[in-house]
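Below is one structure, written out as structure tokens, with a few remarks after it.
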Amino acid sequence: MSIGFRHRAAVIGSLLLLSSLGFGAWTQLTLGVPAELNAVHFPVGTQVGYAVGGVNESLGGYSVVAKTTDGGTTWTTRSAGGLSMLNSVYFKDNNNGYVVGDMGTAIRITDGRDTAMGVPDSGTLNNIQFPENGPIGYIGLYPQSGGAKVLKTTDGGDSWTSIVVGGPSAVSRSCGMATDSSGVVVGDSGLVMATTDGFGTYAAQDPQTTADIVAAAFSKENPNRGYLIGNDLTHGVIRYTDDGGATPWDSVRCWNVSAFYGVDVPTDDDAYVCGTDGMILRSVSPHDFYRTTVPTGLTATMHGLCFPKGRDTGYAVGAGGTILKTTDGGIPMIPGVAEGRVPTVGRAGIRVVSNPSRHGIAFRSDADVDVVVLDAAGRVVMSRAATKGLNFLPMSKAGVYFLKADAQTIRVVLTQ
């Protein structure tokens, strides 16, 4: 999956042999050119796959489409789309697919032949998907004007329609579809617009963050289970749902990562995100992500992920032509991690839904319980009886508080 804004780029065509260096959970495959790779997709299994991106203008400035037929051991590369950076790739089978990128670049590839698709927007195109691998497809985008939008086709890409899904001040970045009819458009300032009828209608959902949401993905096994990734001025955030976003998206505990760029949810129990400084995180529970073991010294920003058949075999791509492969699901580095600058989650009993939060403290409880809120000086400011499920404690003053229930204490930051 690919998202966001990429540095200008592209590549030359050639056969590039990849040098493989084993580092445990992930193996590094060196592409051989300084390409900025933004997305990767293996349509059927784990042998034939595609990665797209580009090479910086100072090094020639061409788009890149790279293909492997042997699970990543070797790749052939060529340019498609001229000077435009390519941001996303989707193939319906091993030889027929689509790539999209900057400046409204949209190309259909049929047995190696490129055909430009007419799309009604010249903005930055991200995350092309055909959710059920049929004629219905979607493209997320950062439009040039006109508010938040999504592009949709019902004829396999022969024609595309632009659908406005927010007011004139809304700004979209991408989209994530669970099925042909259900999914979300995401964007700046916590924008999440959801649909259950292919954007015939849509409604705002609450991600409980004002970060810029750059991508969304749903489980291939359970369309109600999904993740949002986003970034604010200081760090990346992850949000989780198990009801398709019908209730506010939950906070997730994870490593302190400057920014997230890619997300994939290959099974009902496993999700992966990637971002700056070579970070690839894997869920060990719906609300906890741990860093996986990547090659020593890897600092390249990782942009895209693909686990084509379950959680075992997966691929990640990023800056500098970086391609990583795992055949064991990316073993998480569990001890002493996941305490980054992120929402605090209780291990049992109660769990804060959004942290930092505004206007009050929302939390879930496993049972009916008495809760106490203390300020930073240890003074009791509120005492309430909470019920099993979702609870909300309205509060008007910003600051650091401590939510206590039985022997459990959770630090909460309240902003206004």
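Some observations on this one:
- The set of residues in the stretch 162-180 that are in a loop (DSSP other than H, G, I, E, B) and either within 19 Å of Asp102 (Cα to Cα) or over 17 Å from the mean Cα position of the chain (by Cα) (or both) comprises Val165, Gly166, Gly167, Pro168, Ser169, Ala170, Val171, Asp180.
- Gln208, sole failed condition from (1) assigned to a loop (DSSP other than H, G, I, E, B); (2) touching a strand residue (DSSP E or B) at 6+ places or on another chain (Cβ under 6 Å): (2)
- Among the residues of the stretch 217-246, the ones that are in contact with a Gly (Cβ under 7 Å, 6 or more places away or on another chain) and among the hydrophobic types (A, V, I, L, M, F, W, C) come to 4 in all.
- Qualifying residue in the stretch 134-141 (condition: in contact with a strand residue (DSSP E or B) (Cβ under 6 Å, 6 or more places away or on another chain), within 19 Å of Gly45 (Cα to Cα), in the same structural domain as Gly187 (by TED's automatic domain parsing) and not in a helix (DSSP H, G or I)): no
To keep it simple, each residue is scored yes or no on (1) of a type in the set (Val, Ile, Thr); (2) at pLDDT below 85; (3) buried (at least 20 other Cβ atoms within 10 Å of the Cβ); (4) within 30 Å of Val40 (Cβ to Cβ).
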| site | (1), (2), (3), (4) |
| --- | --- |
| Gly304 | no, no, yes, yes |
| Ile331 | yes, yes, no, yes |
| Pro343 | no, yes, yes, yes |
| Ser357 | no, yes, yes, no |
| Asp368 | no, yes, no, no |
| Gly389 | no, yes, no, no |
| Pro394 | no, no, no, no |
| Ala407 | no, yes, no, no |
| Val412 | yes, yes, yes, no |
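- Any hit, the stretch 97-116, residues being in a loop (DSSP other than H, G, I, E, B) and on the phi > 0 side of the Ramachandran plot: yes
- With respect to (1) closer than 22 Å to Leu233 by Cβ; (2) touching a strand residue (DSSP E or B) at 6+ places or on another chain (Cβ under 9 Å), the lone exception for Ser162 is condition (1).
- Verdict on Val164 being surrounded by 15 or more Cβ atoms within 10 Å (Cβ to Cβ) and in contact with a Leu (Cβ under 9 Å, 6 or more places away or on another chain): no
- Restricting attention to the stretch 205-246, the residues being among the β-branched types (Val, Ile, Thr) and touching a Pro at 6+ places or on another chain (Cβ under 7 Å) number 1.
- Residue match in the stretch 78-95 (condition: in contact with a Lys or Arg (Cβ under 8 Å, 6 or more places away or on another chain), part of a strand (DSSP E or B) and either among the polar types (S, T, N, Q) or farther than 26 Å from Gly156 by Cβ (or both)): yes
- Filtered by the rule that a residue be farther than 25 Å from Asn133 by Cα and part of a strand (DSSP E or B), the stretch 308-322 gives Gly318, Thr322.
- Matching residues, the stretch 242-290, being aromatic (Phe, Trp, Tyr) and in a strand (DSSP E or B): Phe260, Tyr261, Tyr272, Phe289, Tyr290
- One residue from Asp212, Asp188, Asp197 being without any contact (Cβ under 8 Å) to a residue 40 or more places away in the chain, in contact with a helix residue (DSSP H, G or I) (Cβ under 7 Å, 6 or more places away or on another chain) and not aromatic (Phe, Trp, Tyr): Asp212
The values are calculated or read from the model by the stated rules, or taken from the named source; none is laboratory data. Only a predicted model underlies this, so the values are computations on that prediction, with no experimental measurement involved. Because the Cβ atoms are built from the backbone with ideal geometry, glycine has one as well, and the counts that use them run over all protein chains shown.
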